Every structure is written in C-alpha cells, then in structure tokens.
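Written out below as structure tokens is the structure these notes cover.
The values are calculated or read from the model by the stated rules, or taken from the named source; none is laboratory data. The model shown is predicted, which means the values in this text are computed figures rather than measured ones. Note that each Cβ is placed from the backbone with ideal geometry, even for glycine, and that neighbours are counted across all protein chains shown.
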Amino acid sequence: MADNDEMEGLESETGGESGTTKKKGGGLKAILPTLLKFVAIGLGALIFIVTITVVTFNIMNRGGAVQTAVFDPTSPYVGRRPEFAMFTQIGPITARTRDAMHISVTAEMVIAYDMGDMAALSELTNRQYELRDFVRRYFSNLYAMQLAPERETEIRREIREHLNTRILHTARVRDILFVRLDIMEMW
C-alpha cells in the first residue's frame with residue numbers, strides 16, 4: 001500500500017501518467033478570441049470616427065443650411081459672377097402703402113433665373129398675372145418707412161423667398177432687380 005501512495009503522489013506531480021506531458025491548444029483556437037477582440041476594437045473605432053465626422057460636418061454646415069459667402073467684389077480672387085436670364089414682362093405696378101396718409105409706391109422689377117432654363121421661362125410667363133398680383137399685395141402691406149433705400153436688399157431677398165417658396169413650383173428665382181422703386185405722397 002505504501003508503494004501505491006508513493007505512485008499516486010508521483011502521478012499527481014507529473015500531471016497524470018508518468019511519462020506524458022500536457023498538450024497545449026494550438027492553431028486557430030488559440031488565436032481566434034484575440035483576433036475577434038481586435039476586429040471588434042477596430043469596428044468600434046471606425047463607428048466612432050464616422051459618427052464624429054458626421055456630427056462635425058453637420059455643425060460646420062449648420063445642419064445642412066445653405067451657406068452664403070460674403071466676398072469683396074474688388075478682390076482679385078473673386079471669380080466671374082454667374083449670368084442669369086431676365087424675365088421683364090411684369091411691368092410697372094402701383095400700390096398704396098399701409099400708411100394713413102395717401103402714399104403710393106410704383107415698382108418695376110426684373111426677375112433673374114438660370115440661363116437656358118426653358119421650364120422657368122414658361123412658368124414665369126404662365127404665372128405673369130399671379131406675379132403682378134403678388135407684387136401689388138406685397139407693397140400694399142408695407143409702410144413707407146419700410147421702403148427706405150437701406151432696406152432694398154432685404155426687400156429683394158424677401159420677394160425672392162416668397163416667389164421660390166409660395167408661388168413658383170419648378171422655376172427658381174436667383175435675384176430680383178428693381179428698374180424702378182418710387183415712393184410718392186398723393187394729394
């Protein structure tokens with residue numbers, strides 16, 4: 001019995017059978033968890049980078065709003081201004097302002113649209129009377145002090161936005177030019 005006890009102690013120290021050693025797991029089984037861990041870290045980093053890039057781009061782009069460029073027209077680095085076709089068939093329009101005094105405004109404007117856009121020309125021609133009515137209503141809702149020369153740029157922008165969003169469907173107005181904008185007090 002004593003010999004058996006000594007043999008069991010010897011087997012437990014050598015790892016089982018006396019003369020054999022433990023096999024180590026090799027090949028793909030040993031590398032697979034480490035490889036999956038690095039792939040997961042790489043995918044996580046890629047998702048993080050793409051998310052940060054999209055957020056930064058949206059912040060820089062102001063949520064997708066169109067940015068307007070402010071430039072100095074006398075700068076030698078300014079490119080050529082785009083050429084537009086002009087719609088001149090609206091003619092002069094006279095309307096009374098909202099003032100208590102009898103003040104009228106006479107406006108004659110030109111609508112600039114993309115050169116060669118035949119659909120825009122067709123739509124502007126077909127909506128000529130709607131355009132005249134819009135211009136008359138627009139000026140009759142203003143006071144004479146709102147028609148000051150310093151506000152002309154703002155008036156042009158407002159008219160352009162109203163035309164593009166509420167009246168025209170396919171045509172896009174690029175600019176509004178006033179041939180005449182007279183404010184007169186009636187007697």
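Consider only pairs whose beta carbons are under 6 Å apart and that are at least six residues apart or on different chains; among these, list those whose first residue lies in the stretch 101-112 and is under 9 Å from Val179 (Cβ atoms) and whose second residue is of a type in the set (D, E, K, R) and part of a strand (DSSP E or B).
Between residues of the stretch 101-112 that are under 9 Å from Val179 (Cβ atoms) and residues that are of a type in the set (D, E, K, R) and part of a strand (DSSP E or B), the close pairs are Glu108/Arg180.
In the set Asp114, Asp182, which member is within 15 Å of Arg96 (Cβ to Cβ) and not β-branched (Val, Ile, Thr)? Break it down into steps so the answer makes sense when it comes.
Details: Asp114 fails: within 15 Å of Arg96 (Cβ to Cβ).
None of the others qualify; the one that does is Asp182.
Those residues that are surrounded by fewer than 16 Cβ atoms within 10 Å (Cβ to Cβ) and not aliphatic (A, V, I, L, M), I need them from the stretch 173-187; list them, please.
Scanning the stretch 173-187 gives Asp175, Phe178, Arg180, Asp182, Glu185, Trp187.
Listed residues Ala45, Ala69, Ala85; which is among the small types (Gly, Ala, Ser) and modelled with pLDDT under 90?
Ala69
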